[in-house]
Amino acid sequence: MSKVAMSACADYQPQNVQTAVSDVLLQLGGLQNFVKPDQKVFIKVNLVREMSPDKQGTTHPEAVIALVNELSKITQNIIVGDSCGGMYTKGVMNVVYNKCKMTEIANRTCAKLNDDFDFQTVELNGKSLQKCEIINAFTSADVVINFTKLKTHSFAGYTGAVKNLYGLIPGLLKVELHSRFPDLGDFCNLLCDIEQYAKSKIVLHMIDGVIGMEGAGPTNGKPKFIGQILASSNPYELDVVAVSLFGKPFDMPLLQVAKERGLVSDDLDTIDFDFATLADKFVDNFDIPEVTSANTFLNMPKWVKKLAKKYLTKKVKIDKNRCRGCGKCVTHCPAEALQVVDKKAKLKQSKCIRCYCCQELCPFDAVQLKKTFMYRVLHTFSHTKKK
Ligand code: SF4
Ligand code: SF4
């Protein structure tokens, strides 16, 4: 059983974040339990795309700086990085580092930002994938600390410790895998496969939940104060505690799939965390994307899932007033359902697999998710029934 540690943090003032980060590490027995002197440590943050830390879609630089301050007492060989949702090149990642203020980390600590944008093929031997490309920053490190952001996710419901490991895959291969695994259950199995491959090297998982994101996450939602920093060596149990701060953990498809695979238990007594302490920390009215309906169909035959996806998930709509025709969504659409016509994105709805990569990566918030008629009817019905 791995302990889950949590510490309150009021804001991103350096002293407050330092106190909370140091406290969770102390609760887990100290960083020396996880990292040996002079080891090369890769801190895998969440840099989904270029966006200011104030939007709360990426791991906050102050939280990473607080971790590096602790880590540097043991080793100075520290690399910080991620493979963002776009291309994995020096040019693209430098824009992301600048915009996400990761450059602050390099300026104020001994840590370096990853500048090796190569990758290698590894044996995944997973349920969904046998081989996969993984970034060198991960494979060349002695140990890894996964430090993510607490956010909602339009496709998966929630993104935390396990989902953040999707960023170990370089650039546009992520888009290709979305196309190969359009089914939510299959995609969650892929995430579990990546975690199972990576677990021998990841010594610690941390979540920046000081201000998270609700609604249309992981990039277009609204910042929401949660006020916590969390850490554990078990990413599934960490995610269970993190979701318990605003919702029901096993409503989330990823945790449902992980439970079915025996990677986590829904018996909360098996988790080393006092859930009673959440009573006065629970965040009311947290806007969670409706993934419950898709979750209900996780174990159904493919044709049922296909119908459920068509009628019970939100469809993509381009807001022509906001669209600037930059074409980023076109490059990242795994189903080739988008093109730019007359300087505006145009969607072929019949080709769309509803992976929501376009919504995640549109820099102008021009990709909206709209409820279908059946979606509205069924959700009204289920809410009435619940009442
Ligand atoms: S929808 Fe967004 S990403 Fe796509 S072309 Fe328009 S502005 Fe660019
Ligand atoms: S249009 Fe958007 S949601 Fe549809 S397949 Fe392309 S990227 Fe995914």
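Any read-out appearing in this document is the output of simple, stated calculations on the displayed coordinates, not a laboratory observation. Source: prediction; values computed, not measured. As a convention, Cβ positions derive from the backbone with ideal geometry for all residues, glycine included, and neighbour counts pool all protein chains shown.
At-a-glance table
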| quantity | calculated |
| --- | --- |
| Histogram of C-alpha separations across region 4-278, 10 Å bin width, % | 7, 33, 40, 19, 1 |
| For peptides 250-258, 326-334, sequence by mean Cβ density within 10 Å, most packed first | 250-258, 326-334 |
| Simple Cβ-charge dipole of region 26-172, Lys/Arg +1 and Asp/Glu -1, about Cα centre, in debye nearest 20 | 300 debye |
| Folded to 0 to 90 degrees: helix 235-244 orientation relative to the chain principal axis, Cα | 70 degrees |
| Only Lys, Arg (+1) and Asp, Glu (-1) charged, at Cβ; region 178-234 dipole about Cα centre in debye | 160 debye |
| Top positive-direction residue, dipole computed over the chain with Cβ charges, set Ala111, His332, Leu245 | His332 |
| Nearest 10 degrees, 0 to 90: helix 184-198 Cα axis against the chain principal axis | 20 degrees |
| Cα centroid separation - region 8-43 against region 208-269, whole Å | 20 Å |
| Residue-averaged [θ]222 nm for the chain, counting only DSSP H segments that reach four residues, each worth -39500 (n - 2.57) | -9500 deg cm²/dmol |
| Helix 90-99 axis, angle to the chain major axis (alpha carbon atoms, nearest 10°) | 80 degrees |
| Three-way shape call for region 128-271 based on the alpha-carbon gyration tensor, with the a/c threshold at 1.5 | rounded |
| Reachable lysines from Lys351, criterion Cα separation under 19 angstrom, eight or more residues apart if same chain | Lys174, Lys302, Lys305, Lys306, Lys309, Lys310, Lys314, Lys315, Lys317, Lys328, Lys370, Lys371 |
| Dimensions (Å) - region 1-62, Cα atoms, principal axes, largest first | 34, 28, 25 |
| Charged-residue dipole, Cβ positions (Lys, Arg, Asp, Glu), the chain about Cα centre, Debye nearest 20 | 2100 debye |
| 3J(HN,Hα) from dihedral phi, region 337-346, Karplus parametrisation 6.51/-1.76/1.60, rounded to Hz, x for glycine, proline | 8, 10, 8, 9, 10, 6, 6, 9, 5, 10 |
| For Pro253, net neighbour charge (Lys/Arg +1, Asp/Glu -1) across residues whose Cβ lies under 11 Å away | -2 |
| Amide hydrogen neighbours beyond the local backbone of Leu124, cut-off 5 Å, H modeled | Lys131, Cys132 |
| Highest average packing first - 200-212, 278-290, Cβ atoms within 10 Å | 200-212, 278-290 |
| Mean Cβ neighbour count within 10 Å, used as a protection proxy, ranking 270-277, 39-46 highest first | 39-46, 270-277 |
| Shape of region 129-180, Cα gyration tensor, a/c cut at 1.5 | oblate |
